[in-house]
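The values are calculated or read from the model by the stated rules, or taken from the named source; none is laboratory data. This one's a predicted model, so the numbers in the text were calculated from it and none came from an experiment. No Cβ is skipped: glycine too gets one built from the backbone with ideal geometry, and neighbour counts run over all protein chains shown.
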Amino acid sequence: MSKDEINDETIEEIKEELDEVEAEQQPETDNEPQQPDSEELLKQKDETIQQYKDKLQRIHADFENFKKRSEKEKQEFVKYANEGVILNMLEIYEDLQRALQVENDKDLKEGVELIYKKFTKTLKDEGVEEIPAEHEKFDPYKHEAMLTENNPDYENNEIIQDLQKGYTLNDKVIRYSKVKVCKK
């Protein structure tokens, strides 16, 4: 456009465009919400980030405290878990002491037999059972083969002799039976 082509109409159009641009850049009135500037937005975001960070640190600290408390409770439980068993064993221990004070051999034998029965009952009540071994089929989940022997009186993998008894506690093997097994 040359200078000659600029007329009143063109000047009016330019003025209208300038007014529109100025109106867009002017702060908004109370009727419309103001847009926060970029610095305010960054400040708000930083505050939000700090709040989340603080919350995360508190949660982490609570979790660490929970872990420590749980570990301490677990140690206390393990420390005193056998209290009932120990109390039952103390009764048997005291019975043995009394049996040893007896001078007559017959009374001693009867006393020891009673103590043995009481001890067996206590173990059974606590969930302890002997693992059957002799004349049973060898089971590696219950038995530990210490010796093998070729014996015509027994079948292959049949237990010939129980060298040391094994025990379960509530169906969990706590000591394997040490056995001699027939191998053909």
Find all pairs meeting these conditions: Cβ atoms under 8 angstrom apart; at least six residues apart or on different chains; first residue within the range 124-136 and within 22 Å of Met89 (Cβ to Cβ); second residue modelled with pLDDT of 90 or more and of a type in the set (A, V, I, L, M, F, W, C). Glu126/Leu169; Gly127/Leu169; Val128/Leu169; Val128/Ile174; Ile131/Val173
Return the residue satisfying two criteria in turn: it lies in the range 72-116 and is among the acidic types (Asp, Glu) and modelled with pLDDT of 80 or more, and of such residues it is surrounded by the most Cβ atoms within 10 Å (Cβ to Cβ). Asp95
Quick one: in the range 98-129, of everything that is in contact with a Leu (Cβ under 9 Å, 6 or more places away or on another chain) and not hydrophobic (A, V, I, L, M, F, W, C), which residue is nearest to Val85 (Cα to Cα)? Glu126
Selected residue [small (Gly, Ala, Ser) and closer than 28 Å to Val179 by Cβ] from Ala99, Ala133: Ala133
Does Lys165 fit the bill of being under 36 Å from the mean Cα position of the chain (by Cα), surrounded by 15 or more Cβ atoms within 10 Å (Cβ to Cβ) and in contact (Cβ under 8 Å) with a residue 12 or more places away in the chain? no
Note on Val173: of the conditions (1) at pLDDT below 90; (2) closer than 30 Å to Tyr93 by Cβ; (3) out of contact with any helix residue (DSSP H, G or I) (no Cβ under 7 Å at 6 or more places or on another chain), unmet is (1)
Among strands (runs of 3 or more DSSP E) completely within the range 65-184, the ones holding 2 or more residues that are of a type in the set (D, E, K, R) are 128-130, 143-149, 172-175, 177-182
